[in-house]
Structures are given as structure tokens and as C-alpha cells.
């Protein structure tokens, strides 16, 4: 997506290998759960799943790449319970 703060080198290291923000989010969530063999309990927000997640002030899959690093956490949930609120 982007190289935070410096955006160097221009165009990225391997521009042909870029992925979208939606793909990156899926890889870090559902992909990590699958890699750990725990996709039946982690990696997505759904009934019966463990719920550790943050609520952000913007949709990082739809905003401009430069705006992703400006996203602010509004709330954090661990085990489905809110543990932080801004």
C-alpha cells in the first residue's frame, strides 16, 4: 500500500507486487488465523468467534493510502469487551 512517513522509494520497492488495503487487512486477520490453524475461532467478526478488534475513525479500505497512517483508534475490544474508548 504505502511506505509510512517516507514513501521511499518513489513507486514502492516492487510496485507490481502491491496489494489493496482490503487484501492486507484480510491477510493480517483471517490469513493469520488460518496460518495458526485457528480459523474456526479467530480472524473475523462473526457469531461464536473470539472478538479482539479496534474501531477506527475511518474505513482504511476506502480512504486514500496516505490517510491510513492518520487513522485514529476510537475503541479497542478484547474478548468482545470494550477495554478502551477515546
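Any residue that is loosely packed, with under 12 Cβ neighbours inside 10 Å, outside any helix (DSSP H, G or I) and modelled with pLDDT of 90 or more - is there at least one of those in the stretch 11-26? The answer is no, given that none of the residues of the stretch 11-26 is loosely packed, with under 12 Cβ neighbours inside 10 Å, outside any helix (DSSP H, G or I) and modelled with pLDDT of 90 or more.
Scanning the stretch 51-62 for residues that are assigned to a loop (DSSP other than H, G, I, E, B) and either touching a helix residue (DSSP H, G or I) at 6+ places or on another chain (Cβ under 6 Å) or within 22 Å of residue 85 (Cβ to Cβ) (or both) yields a count of 7. Screening the stretch 71-86 for residues that are assigned to a loop (DSSP other than H, G, I, E, B) and surrounded by 11 or more Cβ atoms within 10 Å (Cβ to Cβ) and picking the one that is modelled with the highest pLDDT gives 71. Whenever a residue of the stretch 32-53 is at positive phi and surrounded by 15 or more Cβ atoms within 10 Å (Cβ to Cβ), its partners that are assigned to a helix (DSSP H, G or I) and modelled with pLDDT of 90 or more, lying with C-beta atoms within less than 8 angstrom and at least six residues away or across chains, give the pairs 43/29; 43/30; 43/31; 43/32; 43/33; 43/34.
Remark: residue 37 matches the filter, which requires a residue to be at pLDDT 95 or above and in a loop (DSSP other than H, G, I, E, B).
The values are calculated or read from the model by the stated rules, or taken from the named source; none is laboratory data. All figures in this text were calculated on a predicted structure; none of them were measured in a lab. As a convention, Cβ positions derive from the backbone with ideal geometry for all residues, glycine included, and neighbour counts pool all protein chains shown.
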